[in-house]
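**Student:** The following block contains the structure, expressed as C-alpha cells.
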Number of protein chains: 2
Amino acid sequence: MTSLTLALDIMGGDCGPRITVPATLQALRLHSLLNVILAGDEALIAPLLKNQPQSILNRISVRHTTETVAMSDQPVFALRHRKQSSMRLALEAVRDGEAEACLSAGNTGALMAMSKVLLKTLPGVHRPALVSCLPAVNNTPVYLLDLGANVVCDAQGLFQFAVMGSVLSETVDHTPSPKVALLNVGIEELKGNEQVQAAAQLLQKTPHVNYVGFIEGNDLYSGEVDVIVCDGFVGNITLKTSEGIARLLVQQLKKGLTQGFFVRLLAKFIAPRIRSVLNQMNPDHYNGATLLGLRAIVIKSHGSADEAAYLRSINLAVTEAQRRLPQMIEQRLESILLDTKS
Amino acid sequence: MTSLTLALDIMGGDCGPRITVPATLQALRLHSLLNVILAGDEALIAPLLKNQPQSILNRISVRHTTETVAMSDQPVFALRHRKQSSMRLALEAVRDGEAEACLSAGNTGALMAMSKVLLKTLPGVHRPALVSCLPAVNNTPVYLLDLGANVVCDAQGLFQFAVMGSVLSETVDHTPSPKVALLNVGIEELKGNEQVQAAAQLLQKTPHVNYVGFIEGNDLYSGEVDVIVCDGFVGNITLKTSEGIARLLVQQLKKGLTQGFFVRLLAKFIAPRIRSVLNQMNPDHYNGATLLGLRAIVIKSHGSADEAAYLRSINLAVTEAQRRLPQMIEQRLESILLDTKS
C-alpha cells in the first residue's frame, strides 16, 4: 500500500479511547505505511501510548481537544456548538488534505451533518447514504443502503443509492457488474409504494446499473444479489432487526448448551463448529458503515464496537482510501448525468 | 367451547387440499364442537375424507367449486372475475352467517380485497391491517402490524392499528393493558418520519392505549412490549427478514453439525437442546395472520404452511371466534370515537 493517513475521532463510542486507541495501535502494526491523526483528549490518549516503540509513535499525531459531541446532541446543535469537538477536528483534517479518510464511533446524525458541511457531497449527489455489509453466510459481501441517513427518499434518491452501491461493490470487492435489487414487499412488478415503483422504472432504463428487480426480506440473506437498495427508514429497521435476531439466537443457544453437566461437556466438543456458523452471522464482523456520496471517505463505527470490531472499520477505511472510492463514484455519476442530459 | 363453524378455502397454499384437508381433520378431532365448510374441488376433497368416521364426516360440509384465485391474480381482477372461487365461497359463508370465521392460504391481496367488499370494515376503521405474532424466545406473544396490507399509512392509520393490536393482545392472550410501541429508527422523540411522529402524538394523548414510545429493530425480540406498530411496507420487510435470517441460521447450523462423523455423533446427543431453541424462532410455529378491522374473522395462512402450521392457523381462528374479537375491537373503537368527538 502507498502511504496513507486516517483521521480518527477517538472519543466516540461507548468506551472511547480505551477501545479506539488500542485498535488503532493494532492497525498501525498491521499496515506499515499507515499514519494516524488522533482527535481527542491528550490526557486520556497519552497513557494508552506508553511503552509503544518509537517507530509506531512517529506515525501518530494527536489533535488535542476535550470537547466531544454527545450522543443526544441534535445534528444542527452539534454543527453550531461543537466546533472544537474531536469529531469535527477529525473531519477538518480530511477537509484540509491532511488525512484521506475519517472514522468515528460517535453520534451518526452529527457525523452526517458535519460531513456534508465540511466535506461536501459529490457533484450531482442529492443526499449521502449510509451503507454497510449485511451479516452473510457465505463470503460474498452484500451491501444494504440507506441505513438511516435519509428516513424519507424519493425515486431519484433511491436511484442514486443504487448507482453508488454498485460502484462500492465493484471498487471495494472487485465484483464485476454487481447485481442491484430494490427491497420491496413482493417481487411482482406492481408491488410496493410509489417511490419504489418509480425508482424501478429509472433503474430499468439505465445501462450503468445491473438492476435485477425487486427482492423481499426473506431473500436478503440468500446471497443472490450484491447491493440492496431501500430508504433509510426501512434499511435501519431491517439491519437492526437482523442484528437483534442473530444476537438473540446466539444468546439462546449458549444458554441452552450450558445447562446440565452432560450437555455442557458435549457442547464443548462441537463448540468450534457452532461458533464458526454464528460468527458468520455476527454483526460485529461487519463493523463499519460508509457515508457514501461525499467528496471524501467517512466511516461510522458501531458505538458498541469492541477492539476487534473497531479495527475492522479502520481496515475498511484503509481499503476505501486505497481504492479511491469517492473518485470512482464521481466518475460513474458524471457519465450517468451526461447520459441523462444527452 | 360452544359450537362453532369455520369456512375454509381449502384450495389455497402451495399444496392445496393435500395439506389443508388433513389439517382440518386434525382440528375436528381436537375441537369436538367445531364444524367446517370446505370450499373447493369435491373431486380432490373426497379421497382425502375416505375412512373417516361418520362422527367427523357429519361436521363437514363441502361447497364445491373448481375455480380458484391464482397467486398472480391482481386483487381487482380477483374481485371481478373469481366470483365462484373457493376463496370467495368461503368468505360468502361468513357473510351469510353460516360460519364465524374464514381461513385461506391463498393470494393475500385478493383475500384482503374480497374480505373488505364482502364482510366490510368495522365502523370507523379506515383500512384493515394484517397482524401476526413474531417468532419469540420466551412464551410471550408479540404482535407486529401492519404486515403488508397497507404499503402507505398515515398517522391516523397507524393510530388505529395500535388500538386494534392492543385489543387483540388483550382479547386473545388476556394481556392486561398491553404495551404498545411504534417501530422507528431511534427511540429519541425527534427520530423518524412525519407519519410516525404524528402517530406518536395521537397515541400519547389517548387513554385507550398503553403507549410506551418508539422501539428499534434490535429490540423487536426483547419481549419488552406486546404490540409493535408500523406501516405495511416496513412490517412486511421486517417480518420476512426475520424469517429469512432464522431459517438461514437453522440451515447453516444443521449443515455445520452434520459434517464429520465425530461431530455428527456428538450433535445427536445435544440435538434436542438445539432444536428446542431453534423451534422457538421457527416462523412456522407462528402461522396465521389475522385481517384486523373487519366485521368478521379472516385468517391468512402462509402459502408454504405444512400440516402442523396450517392446524395452528385453524386453532387461531377458533380462539379469535370464541373470544369474539371483531366485537371487542368494535366496542373499543366506538368509545375512542366518542371520546374524540366529545
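Only the coordinates and a few stated rules stand behind these numbers; no lab work does. All values derive from a computational prediction rather than experimental measurement. For neighbour counting, all protein chains shown are included, and Cβ atoms are generated from backbone atoms with ideal geometry for every residue, glycine included.
**Student:** At 7 Å along the Cα-to-beta-carbon direction for both B:GLN327 and A:HIS126, put a label point, then send me their distance in nm to one decimal.
**Tutor:** Simple spin-label model gives 5.1 nm for this pair.
**Student:** Still on this structure: Any idea how far apart B:ALA46 and A:GLN197 come out in nm if each label point goes 7 Å out from Cα toward Cβ?
**Tutor:** Label at B:ALA46, label at A:GLN197, 4.6 nm between them.
**Student:** Only Cα pairs within less than 10 Å get springs; with that Gaussian network setup on chain A, which residue of A:LYS240, A:LYS116, A:LYS255 has the largest fluctuation?
**Tutor:** The residue with the greatest mean-square fluctuation here is A:LYS255.
**Student:** In terms of modelled amide H atoms, which long-range or inter-chain residues lie less than 5 Å from the amide H of B:VAL62?
**Tutor:** The answer is B:LEU38.
**Student:** Can you compute the helix-only [θ] at 222 nm over the protein assembly as shown? Use -39500 (n - 2.57) per DSSP H run of at least 4 residues, normalise by all residues, nearest 500 deg cm²/dmol.
**Tutor:** -15500 deg cm²/dmol
**Student:** Another one. Within the P(r) computed for chain B, what percentage of the Cα pairs occupies the region above 36 Å?
**Tutor:** Of the Cα pairs, 23 percent sit more than 36 Å apart.
**Student:** Next up: Kindly work out what percent of the DSSP beta bridges joining two residues of chain A are antiparallel, to the nearest 5.
**Tutor:** 25 percent
**Student:** Continuing with the same structure: With θ set to phi - 60° and the Karplus curve 6.51 cos²θ - 1.76 cosθ + 1.60, what are the ³J(HN,Hα) couplings of the stretch B:195-202 in order, to the nearest whole Hz, using x for Gly and Pro?
**Tutor:** 3J(HN,Hα) across the stretch B:195-202, in whole Hz: 4, 5, 4, 5, 5, 4, 5, 4.
**Student:** Given a Förster distance of 60 angstrom, what is the FRET efficiency for B:SER335 paired with B:LYS255, based on the Cβ-Cβ distance and rounded to 0.05? Mind showing how you got there, number by number?
**Tutor:** Details: r = 54 Å, r/R0 = 0.89.
Plugging the Cβ-Cβ distance into 1/(1 + (r/R0)^6) gives 0.65.
**Student:** Follow-up. Specify the inter-centroid distance of the stretch B:60-90 and the stretch A:1-33, based on alpha-carbon positions, in whole Å.
**Tutor:** 63 Å
**Student:** Relative contact order of chain A, please, whole-number percent, based on alpha carbon pairs below 8 angstrom and at least 6 residues apart.
**Tutor:** Reported relative contact order: 22 percent.
**Student:** With θ taken as phi - 60° and the coefficients 6.51, -1.76 and 1.60, list the Karplus ³J(HN,Hα) couplings across the stretch B:315-327 in order, rounded to whole Hz; mark glycine and proline as x.
**Tutor:** 4, 4, 4, 4, 4, 5, 5, 4, 7, 6, 4, x, 5
**Student:** Measuring nothing but label to label, 7 Å from Cα along Cα→Cβ, what are B:GLU188's distances to the other copies in nm, shortest first?
**Tutor:** 4.2
**Student:** Do any GluC sites (Glu not before Pro) in the stretch B:96-193 lie in a DSSP loop with no more than 15 other beta carbon atoms within 10 Å, and if so, which?
**Tutor:** Details: sites: B:GLU98, B:GLU100, B:GLU170, B:GLU188, B:GLU189; in loops: B:GLU98, B:GLU100, B:GLU188, B:GLU189.
Sparse-neighbourhood loop GluC sites (Glu not before Pro): B:GLU98, B:GLU188, B:GLU189.
**Student:** Using label points projected 7 Å from each Cα along Cα→Cβ, tell me how many nm separate A:HIS64 and B:THR66, to one decimal.
**Tutor:** Going by the 7 Å Cα→Cβ label model, 9.0 nm.
**Student:** Something else: Which far-off residues, 5 or more places away or on another chain, put their amide H under 5 Å from the one on B:ALA105, with H placed in the peptide plane?
**Tutor:** Amide H to amide H, under 5 Å and 5 or more residues apart or across chains, B:ALA105 pairs with B:GLY12, B:GLY13, B:SER301.
**Student:** Quick one: 3J(HN,Hα) in Hz for the stretch A:209-216, Karplus 6.51/-1.76/1.60 with θ = phi - 60°, rounded, Gly and Pro as x.
**Tutor:** 10, 7, 7, 10, x, 7, 9, 9
**Student:** What is the set of long-range amide H partners of B:ILE297 at a cut-off below 5 Å, with H atoms built 1.01 Å from backbone N?
**Tutor:** Residues meeting the criterion, in which the H sits 1.01 Å from N, are B:CYS102.
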